[in-house]
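Heads up, the thing below is written out as structure tokens.
Nothing in this text is a laboratory measurement; each read-out follows from the coordinates by a stated rule. What you see is a predicted model, and the numbers here were worked out from it, not measured in a lab. Neighbour counts run over all protein chains shown; Cβ positions are idealised from the backbone, glycine included.
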Amino acid sequence: MAAVSLSTSVSKLKLASPVILASGILDLNAGLMKRVASSGVGAITTKSIGLNARKGNPNPTIVEVYDGLLNSMGLCNPGIEEFKKELDELKGVKIPVIGSVYAGSPKEFSLVAGKMAECNVSAVELNVSCPNVSKGEKFGEAIGKNPKLVAEVVKAVKSKVRKLVIVKLTPNVSDIAEIALSAEKAGADALTAVNTFGPGMAINIDARKPVLGNKFGGLSGPAVKPLALACVYKISEKVKIPVIGCGGIASGRDVVEFLMAGAKAVEVGTAAYLKNIEVFNRINREIAGFMQKNKFKKIEDMVGLAHR
Amino acid sequence: MKTLDAPEMVEILSVVKENSLVKTLTLDCKLKAKPGQFIMLWIPGVDEKPFSLSKINGSKIEVTFKKLGPFTEKLFSLKAGDKVGVRGPYGNGFRLAGSKICFISGGVGLAPLMPLIEQAVKKKRNVTVISGFKDKTQLLFQNRLSRLKAELHIVTDDGSYSRKAFSTDIFESLLASQKYSQVYCCGPELMMKKTLDLCLKKKIPCQLSAERYMKCAVGLCGQCCLAGFRVCKDGPVFTEKQLKDTEFGTYSRNAEGKRIPLHW
């Protein structure tokens, strides 16, 4: 059988596999990131890091639902200064590291993203889409739902950061393509679509209470895949910058669907729970198998096919 | 339909006060679990934390815990008839191995070892148990231990009961004359580190039950990381080879993921 190449690129980021570890999964310390880095992924994204340490929400922070997970981690992280220790220990990791950051304002975003970009990372991903923040907080989704604010954040970060700037979008808006366009016009180099859906809720009927400590959580996993796929398709119709697909991907066929919808790479998270860390190598094998059978030589050859 | 990984409300059948700080809850919970595995225990509206099992018998499980913070204080106040949420069991658990086995515990670290000790005795292994406690008021499972055909060494940090010594001191002195084929250990991390180092030096296989701040408990969030391991999924039981040359015994992590140095 003819050899196929799984390599792809997201702007100037070169990837040996289109499968990237999504932010928030196994990425709070160097040890686990190194382990995932040698498990077949093309790149790893760090936990979203803020200016200061944050404890996150009380447990339970996850609950399984049919074909998915609800999570309300709540941006727990040690803060950018402390996290540098972990990034320093990642020297020697051969694949690109994408540093995810969150903040509450354009100015704070440029500060945190600037500090992240000074570290051992190839790109920064701006988390303007985390749904797990409390009322009154201006993090995450509170920014990502407002096209003007997204543009201000991107501009502020781009004025400070020379490395690749990726914006991770929330699907919880009426027109995601509008937000995507706004990020592109402001100078974003790439987009990740999408963060978790929701909010969602699970109630334990014997306890008569919501299961999640924060009551609400973002929905991920196979249940959201068709919704995420539609987001990527819609965004790809409107923007020219590369899109990284994310949402419920658990197999090689899922990846190919996102490629055909217009993504140049994908992020995988929840599948690492459903199928453990071996899932990344398995997805790679499945993509290669599909490509061989259908005579695709490069990932690029499949990107956007569903639009033609 | 498949069973979802979500808490199920179960009744507390009985509560035993082991000492001023430690209680054992018997839960009406059918659980196929191995010694060393753990459950996530949920008090609705409060929090959810990991607990090891001090007894497993098919239709019931027992959880023995020490009052340490707000959650265990709330747990300490619950009574028979109250309900708590349970999900699990999680983690790998201990693997019973060796013919001459030494169990070493510190304080309430005896709890997860207890069902394994009973299993080892039942299977006619040569069993030594070294249990250290803070003082005579904090002793645990003395009746359960005394019923077993095992060599017992109970010590206290202050000498208020039996000998004044740490369990690791006793282990070290026994090593001069005894050749163990397997060691199991659970207790404060620095005490486990001492045991780990002794076992590495003497080349004795050892299984230790580690602890880290835990959130998802299913291997996803990475909060309970220890080197390249997830304590919830790859552990909580690790071998001496896995823990060698890692941060074990040097630093732990708090809820923020920040490194917290360990001190005696």
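Remarks
- Measuring from each cysteine beta-carbon in chain B, the ones with no other cysteine beta-carbon under 4.7 angstrom are B:Cys29, B:Cys102, B:Cys185, B:Cys186, B:Cys224, B:Cys225, B:Cys232.
- Taken over the stretch B:8-90, the alpha-carbon convex hull comes to 81 cubic angstrom per residue.
- Here the Kirkwood formula puts the hydrodynamic radius of the protein assembly as shown at 25.0 Å, using every distinct Cα pair.
- When only the Cβ of Lys, Arg, Asp and Glu is charged (+1, +1, -1, -1), the dipole of the stretch B:137-264 relative to its Cα centre reaches about 300 debye.
- Convex hull volume per residue for chain B, taking Cα atoms only, in Å³: 133 Å³
- Within 10 Å of the Cβ of each residue in A:109-122, the mean number of Cβ atoms contributed by other protein chains is 0.
- For residues of B:210-223, the mean tally of beta carbons on other chains within 10 Å: 6
- Taken as Cα centroids, the stretch A:181-248 and the stretch B:86-144 sit 46 Å apart, rounded to the nearest whole angstrom.
- Computed over the stretch A:81-135, the alpha-carbon pair-distance distribution with 5 angstrom bins reads 4, 18, 27, 22, 15, 9, 3, 1, 0, each value a whole percent.
- Farthest toward positive dipole pole in the protein assembly as shown [+1 Lys/Arg, -1 Asp/Glu at C-beta], among B:Phe51, A:Ala265, A:Ile176: B:Phe51
- Those GluC sites (Glu not before Pro) in the stretch A:67-111 that DSSP places in a loop and that have at most 15 other beta carbons within 10 Å: A:Glu89
- With a Förster radius of 35 Å applied to the beta-carbon distance between A:Lys275 and A:Lys55, the computed FRET efficiency rounds to 0.75.
- Furthest towards positive pole of dipole, A:Val211, B:Ile260, B:Thr246, structure part the protein assembly as shown, Cβ charges: B:Thr246
- Karplus-derived 3J(HN,Hα) values for the stretch B:9-15, using 6.51 cos²θ - 1.76 cosθ + 1.60 with θ = phi - 60°, are 7, 10, 8, 7, 7, 7, 10 Hz; glycine and proline are entered as x.
- Beta bridge orientation in chain A: antiparallel %, DSSP, nearest 5: 35 percent
- Extension reserve of the A:Ser38-A:Ser134 stretch, reckoned as 0.36 nm per residue once the Cα distance is removed: 31.0 nm
- Over 24 Å between alpha carbons, listed pairs A:Lys94/B:Lys215; A:Lys34/A:Lys160; A:Lys264/A:Lys297; A:Lys94/A:Lys298; A:Lys215/B:Lys74; A:Lys155/A:Lys240: A:Lys94/B:Lys215; A:Lys34/A:Lys160
- Within the stretch A:8-307, the proportion of Cα pairs with more than 36 Å between them is 9 percent.
- Among the trypsin sites (Lys or Arg not before Pro) in the stretch B:158-224, those placed in a DSSP loop whose Cβ has at most 12 other Cβ atoms within 10 Å are B:Lys179, B:Lys203.
- Charge dipole (Cα centre; +1 on Lys/Arg Cβ, -1 on Asp/Glu Cβ; no other charges) of the stretch A:8-307 amounts to roughly 480 debye.
- Extension gain for the segment B:Ser59 to B:Lys100, taken as residue separation times 0.36 nm less the Cα-Cα distance, is 11.7 nm to one decimal.
- Modelled FRET efficiency - R0 35 Å, B:Glu11 with A:Lys91, Cβ distances, 0.05 increments: 0.10
- Nearest-ten-degree value, helix B:110-122 long axis tilted from longest Cα axis of chain B: 70 degrees
- Computed magnitude of the charge dipole of the stretch A:1-149 (debye, nearest 20; Cβ of K, R +1, Cβ of D, E -1): 280 debye
- At full extension, B:Arg259 and B:Lys30 could sit 78.7 nm farther apart than now, given 0.36 nm per residue minus the alpha carbon distance.
- For the segment B:248-260, counting C-beta atoms of other chains within 10 Å of every residue's C-beta and taking the mean gives 4.
- Here the spin labels are modelled as points 7 Å beyond Cα on the Cα-Cβ line, and at B:Ala176 and A:Asp301 they lie 7.4 nm apart.
- Sites A:Glu82 and B:Val46, calculated FRET efficiency, Cβ-Cβ separation with R0 30 Å, nearest 0.05: 0.60
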